[in-house]
């Protein structure tokens, strides 16, 4: 009989499609994994192999999960409204209280992905539509940055890894809220982070890499106008250092495959990350970070 087994990892549920099989030697049944389904909140009937989609036990589990997700969606919508109002009012304590409670139930990156990011997108959209004045937009952005900085201070003393992950933006890129969010989730996971955003001259970034020898470089770009300077920065980093570089940000969310391939052709060490959840982003970072530690770092050329 096939069914869905639930495994809880750091407070989150993950689904496995399993089948009980009789072991004649042990005279007992054992579970055989048919398929790893992924995070419970993302699993749908389409993830189930066709031959198991009419299984009552599986359908029951998925139905119960859908009910939980619907309830969670309603709660998130209420929390987004509360955070939006709190940002406009500058109520930092109320937002920090929401963050702490949300982290216990879900995770920090879930708070950023499901609550703060949609709220800040709404703030930007309302400002563009002239439904929110520039002063209120600045208040919301500044309070959001202060919240992230407060969260970061809680994790700064918990750093476990000695190697550095560098976060930067190309010259001309003045937005760094996304960089601060990335720094926040990396700090929580025990990484040592140097966030030198926003808008640092390329030569200064090269000098910083030379002096501090990071194991991974993250380049964030929010505006498409800065893609050119971002690509030039990648080319400069790759010409001097053998270090993996991940490039992401809003400006890269909808780029064509040809453009993505062009950017990644800069160097075998360069990888473009289109729009993805912070959970997926963390998995990519961990993979690149662990791989970089297995390689011997060296300078390709003498840094001027």
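The values are calculated or read from the model by the stated rules, or taken from the named source; none is laboratory data. Everything numeric in this text was worked out from a predicted model, so none of it was measured. Cβ atoms come from the backbone with ideal geometry, glycine included; neighbour counts cover every protein chain shown.
Things worth noting here:
- Residue ID - farthest from residue 177 (Cα to Cα), chosen from residues in region 203-235 that are in contact with a helix residue (DSSP H, G or I) (Cβ under 6 Å, 6 or more places away or on another chain) and surrounded by fewer than 17 Cβ atoms within 10 Å (Cβ to Cβ): 224
- Matching helices (runs of 4 or more DSSP H) fully within region 123-229 where at least 2 residues are more than 25 Å from residue 269 (Cβ to Cβ): 134-156, 177-188
- Elements of the type helices (runs of 4 or more DSSP H) sitting completely within region 54-113 and holding at least 2 residues that are over 23 Å from the mean Cα position of the chain (by Cα): these cover 56-89, 92-105.
- Consider region 238-249 and keep the residues that are in contact with a helix residue (DSSP H, G or I) (Cβ under 7 Å, 6 or more places away or on another chain) and not in a loop (DSSP other than H, G, I, E, B). The one that is nearest to residue 176 (Cα to Cα) is 247.
- Residue in region 15-28 that is at pLDDT 85 or above, under 22 Å from the mean Cα position of the chain (by Cα), in a helix (DSSP H, G or I) and not assigned by TED's automatic domain parsing to the domain that holds residue 105 present: no
- Selected residue (criterion: surrounded by the most Cβ atoms within 10 Å (Cβ to Cβ)) from residues of region 134-185 that are closer than 23 Å to residue 88 by Cβ and free of Cβ contacts under 8 Å to residues at least 24 places away in the same chain: 137
- Number of residues in region 77-121 that are surrounded by fewer than 16 Cβ atoms within 10 Å (Cβ to Cβ), touching a residue at least 40 places away in the same chain (Cβ under 8 Å) and farther than 18 Å from residue 155 by Cβ: the value is 3.
- Of all residues making up region 37-52, the number that are outside any helix (DSSP H, G or I) and surrounded by 13 or more Cβ atoms within 10 Å (Cβ to Cβ): 4
- Among the candidates 263, 255, residue that is touching a strand residue (DSSP E or B) at 6+ places or on another chain (Cβ under 8 Å), assigned by TED's automatic domain parsing to the domain that holds residue 175 and outside any helix (DSSP H, G or I): 255
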